[in-house]
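First comes the structure, then the notes that go with it.
The values are calculated or read from the model by the stated rules, or taken from the named source; none is laboratory data. What you see is a predicted model; the values in this text were computed from it and never measured. Glycine gets a Cβ as well: all are built from the backbone with ideal geometry, and neighbour counts include every protein chain shown.
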Amino acid sequence: MFRRSAIEMRVLILAPVGRDAQLLADTLTALHIDTEISSDEKGLVALLAEGAGTAIVTEEALTADHFQALAAWLAVQPPWSDMPLVILTSGGRATFGSKRRARELETLGNFTLIERPVRPETIESAVRAALRARLRQYEMRSHQEALVRANADLEQFAHSASHDLREPIRSISVYSELLARDHARFLDPKGKGFIGYIHSSAQHMETLLDDLLSYAHASSVPVGVPGPISAKEPLDAALENLAGAIRESSASIIVGEMPIVRMRKSHLEQVFQNLVSNAIKYRREDALRVQLAAQKQDNHWLFCVEDNGMGIAQEYRETIFGMFKRLHSNQEYSGTGMGLAICQRIVERYRGRIWVESELGRGSKFLFTVPA
Ligand code: ADP
């Protein structure tokens, strides 16, 4: 048995005809590179599945069936993996020269063609380059694993926080209310003021916990490939939730044609709701107008939520997407600074991007993309 790291960096060789396999193995072993010879393509795919740094395959080993088996395995690699292959062509005869074969080869992805007869230095440099690329992929895998663990920890923390802290916070809120209502005669004005602070702080803390939980949910709920939905559904739901605020602010909401997207309804609803409620919250004196639109661009949909509100100064256009980042005090505008962080988390889960274009005093345009 190989050590795991040795397995992950070994060079597999599939060269069933002649002495190529042994010659390649000898050349690489002399360079202290671990090798494993496979006698057929089934064996190669099984060895690849166990782990490998790269595979050297001769052209004649890639008959139609063998090619299919290898291509099928490569197609289902995890996202961090892009197995590098070194393919030895039969110099002169150039069967890979045919257009059809060249197109077929493209499906193998990350490969280098080397014409035979091969010089040992050529094979050494090709294998070293492939192993170097593979090491980078392993690093990427470690980062992704760390990220998955961090997300799981965050969700765990958010759950404990919301369950364990909610009760005591509720008690603080309820008892401060009772104190203010039933025992006010024992308190001087300063004492009454303090109770007011306690009560509003407890309520703010409850909102913070809700937002923290939404943030953790946005990162942890597996997206999979959700079924197609009309973006109009979550948008209507978000506007319905905000009906009171829309009425109070007399906002005109103008909705353009909405596309079909592959997103969870609850995720897109949350993004729309956070953006529209911000547009309402950070409005100016004059009549508020919020426009929502979407347009197709290359392979994604670009959504836009535009308002004519107070706008955002250039230097804060990125910071506002950070957790708990706010440009206003709670006295001016209530909030937790989590709304845009939640939007960013959701959009990025779908490999999209969110950003803002704005000028202070001249409204804001929040834009986000999701794959079409
Ligand atoms: P919150 O609204 O709770 O403060 P957000 O993360 O939703 O948290 O927003 C972060 C900050 O970005 C807000 O405090 C506000 O200053 C600014 N902001 C967000 N949306 C708008 C908007 N439509 N117009 C102006 N400023 C905005």
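Sort out which residues of region 239-280 are aliphatic (A, V, I, L, M), within 20 Å of W355 (Cα to Cα) and within 16 Å of the ligand (Cβ to nearest atom), and write them in order of number.
Those that are aliphatic (A, V, I, L, M), within 20 Å of W355 (Cα to Cα) and within 16 Å of the ligand (Cβ to nearest atom): V271, L275, V276, A279, I280.
Does R289 meet the test of being within 11 Å of the ligand (Cβ to nearest atom), at pLDDT 95 or above and not small (G, A, S)?
Working: within 11 Å of the ligand (Cβ to nearest atom): no; at pLDDT 95 or above: yes; not small (G, A, S): yes.
Spelling it out, it is not the case that R289 is within 11 Å of the ligand (Cβ to nearest atom), at pLDDT 95 or above and not small (G, A, S).
Test R283 against the criterion of being at pLDDT 95 or above, assigned to a loop (DSSP other than H, G, I, E, B), within 11 Å of the ligand (Cβ to nearest atom) and under 30 Å from G196 (Cα atoms), and give yes or no.
So R283 fits the description; yes.
For A52, indicate whether it is surrounded by 16 or more Cβ atoms within 10 Å (Cβ to Cβ) and either in a helix (DSSP H, G or I) or not basic (K, R) (or both).
yes
Quickly run through region 358-370 and pick out the residues that are surrounded by 14 or more Cβ atoms within 10 Å (Cβ to Cβ) and more than 10 Å from the ligand (Cβ to nearest atom).
Matches in region 358-370: L367, F368, T369, V370.
Anything in region 214-231 that is surrounded by 14 or more Cβ atoms within 10 Å (Cβ to Cβ), of a type outside the set (S, T, Y) and at pLDDT 85 or above? List them, or say none.
Once the filter is applied, which keeps residues that are surrounded by 14 or more Cβ atoms within 10 Å (Cβ to Cβ), of a type outside the set (S, T, Y) and at pLDDT 85 or above, region 214-231 yields I229, A231.
Which of the residues belonging to region 256-279 are in contact with an Asp or Glu (Cβ under 9 Å, 6 or more places away or on another chain) and either in a loop (DSSP other than H, G, I, E, B) or surrounded by fewer than 19 Cβ atoms within 10 Å (Cβ to Cβ) (or both)?
Selection gives M258, K265.
Could you grab me the full set of residues in region 160-182 that are loosely packed, with under 13 Cβ neighbours inside 10 Å and among the hydroxyl-bearing types (S, T, Y)?
Within region 160-182, S160, S171 qualify.
Each row is one residue, and each column tells you yes or no for (1) farther than 15 Å from A55 by Cβ; (2) touching an Asp or Glu at 6+ places or on another chain (Cβ under 9 Å); (3) not assigned by TED's automatic domain parsing to the domain that holds E121.
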position	(1), (2), (3)
L12	no, yes, no
A15	no, yes, no
A25	no, yes, no
T29	yes, no, no
S39	no, no, no
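Within region 346-367, track down each residue that is assigned to a helix (DSSP H, G or I) and touching a Phe, Trp or Tyr at 6+ places or on another chain (Cβ under 6 Å).
V347
Mind listing whichever residues of region 305-340 are within 6 Å of the ligand (Cβ to nearest atom) and part of a helix (DSSP H, G or I)?
Answer for region 305-340, where residues must be within 6 Å of the ligand (Cβ to nearest atom) and part of a helix (DSSP H, G or I): I320, G339, L340.
Being in contact with a Lys or Arg (Cβ under 9 Å, 6 or more places away or on another chain) and of a type in the set (S, T, Y) is the filter here, so list the residues in region 297-330 that pass it.
Within region 297-330, Y316, T319 meet the criteria.
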